[in-house]
Amino acid sequence: GRDFLITVRHGGQGSLRALRHRLQDDPELLAKGPSAVLHAIADHVVDGHIAVADAVQDDIDEVETEVFSPGRKGAPRGTDAGRIYQLKREVLEFKRAVSPLLRPMQLLSERPMRLVDPDIQKYFRDVADHLTRVQEQVVSFDELLNSILQANLAQASVAQNEDMRKITAWAAIIAVPTMVTGVYGMNFDYIPELHWKYGYPMVMGFTVAMCVGIHRVLKRNGWL
């Protein structure tokens, strides 16, 4: 109204006491009417959004570093996908807080209004510009988190494939002694070298040589 301004705040984080004292110390600004107070409150809220955007940027930078920093054997160590989802949830809530303010701020900065002093209206343009930049940051945050999440999931898939290759490689090595002992465990009278003095050392040596050979081949191919 012409002589009043009503604000609605939820919780203890929306206190405007310091802002009120600052306005009371500037009678020339208060002489511009409630629109001056409205601008001060809008500017205060948007400054809070800028601070939140900076904090979210720091969190995203930290997660991005964790995802792409080298871990064991030079491979990316990755991070917990739950933390990325939590950040995406925070960004979504942040977007819901910022988006509804864009249109009102644009109207206050562009459309002449009876209760808005012309000298104050130009200051609303700065608030609208800051809010637009915050909105653009929020959109970029969401896109960046999607990319980080996809990279993290891809790294998890690569790590699983690496583990499966190692398991398969060791299973191939173990298959050689399993096969040899399985053959000599059969109850046949005529088994090659069964009664030969050096039959047992020969078979054991053959088994070890085969295992070592397979191990070297798999090691050279990057499976172990």
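Please verify whether region 77-89 includes one or more residues that are open to solvent by less than 30 Å² (accessible area, probe 1.4 Å), within 14 Å of the chain's Cα centre (by Cα) and modelled with pLDDT of 85 or more.
yes
Among the candidates 7, 65, single out the residue that is farther than 25 Å from residue 103 by Cβ and polar (S, T, N, Q). Steps first, answer last, please.
Numbers: 7 fails: farther than 25 Å from residue 103 by Cβ.
After applying the criteria, what remains is 65.
Given the options 141, 124, name the one that is closer than 19 Å to residue 93 by Cβ, in contact with a helix residue (DSSP H, G or I) (Cβ under 8 Å, 6 or more places away or on another chain) and aromatic (Phe, Trp, Tyr).
141
For region 126-152: of the residues being open to solvent by 80 Å² or more (accessible area, probe 1.4 Å) and under 14 Å from the mean Cα position of the chain (by Cα), which is nearest to residue 101 (Cα to Cα)?
Looking at the filtered set, the residue picked out is 143.
For the subset of region 107-125 comprising residues that are touching a residue at least 40 places away in the same chain (Cβ under 8 Å) and assigned to a helix (DSSP H, G or I), which member is most open to solvent (accessible area, probe 1.4 Å)?
Among them, the one singled out is 123.
Okay, residues lined up against (1) surrounded by 17 or more Cβ atoms within 10 Å (Cβ to Cβ); (2) within 39 Å of the chain's Cα centre (by Cα):
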position: 1; (1), (2): no, no
position: 4; (1), (2): no, no
position: 8; (1), (2): no, yes
position: 11; (1), (2): no, yes
position: 15; (1), (2): no, yes
position: 24; (1), (2): no, no
position: 40; (1), (2): yes, yes
position: 46; (1), (2): yes, yes
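What pairs come up if the first residue lies in region 51-70 and is more than 18 Å from residue 143 (Cβ to Cβ), the second is among the hydroxyl-bearing types (Ser, Thr, Tyr), and their beta carbons are under 6 Å apart, counting only those six or more places apart or on different chains?
66/79
Can you name every residue in region 18-34 that is among the acidic types (Asp, Glu) and either outside any loop (DSSP other than H, G, I, E, B) or on the phi > 0 side of the Ramachandran plot (or both)? Before the answer, list the steps.
We begin by selecting, within region 18-34, every residue among the acidic types (Asp, Glu); these are 25-26, 28.
Within region 18-34, just 28 meets the criteria.
Quick one: which residue in 169, 159 is at pLDDT below 80, open to solvent by less than 50 Å² (accessible area, probe 1.4 Å) and assigned to a helix (DSSP H, G or I)?
Working: 169 fails: at pLDDT below 80.
Exactly one residue qualifies, and that residue is 159.
Any residue in region 43-66 that is out of contact with any Leu (no Cβ under 9 Å at 6 or more places or on another chain) and among the polar types (S, T, N, Q)?
yes
The values are calculated or read from the model by the stated rules, or taken from the named source; none is laboratory data. These numbers were taken from a predicted model, which means no experiment stands behind them. Backbone-built Cβ (ideal geometry, glycine too); neighbour counts: all protein chains shown. Side chains are part of the model used for accessible areas, which takes the heavy atoms of the whole protein and leaves out ligands, DNA and RNA. Shrake-Rupley method; radii C 1.70, N 1.55, O 1.52, S 1.80 Å.
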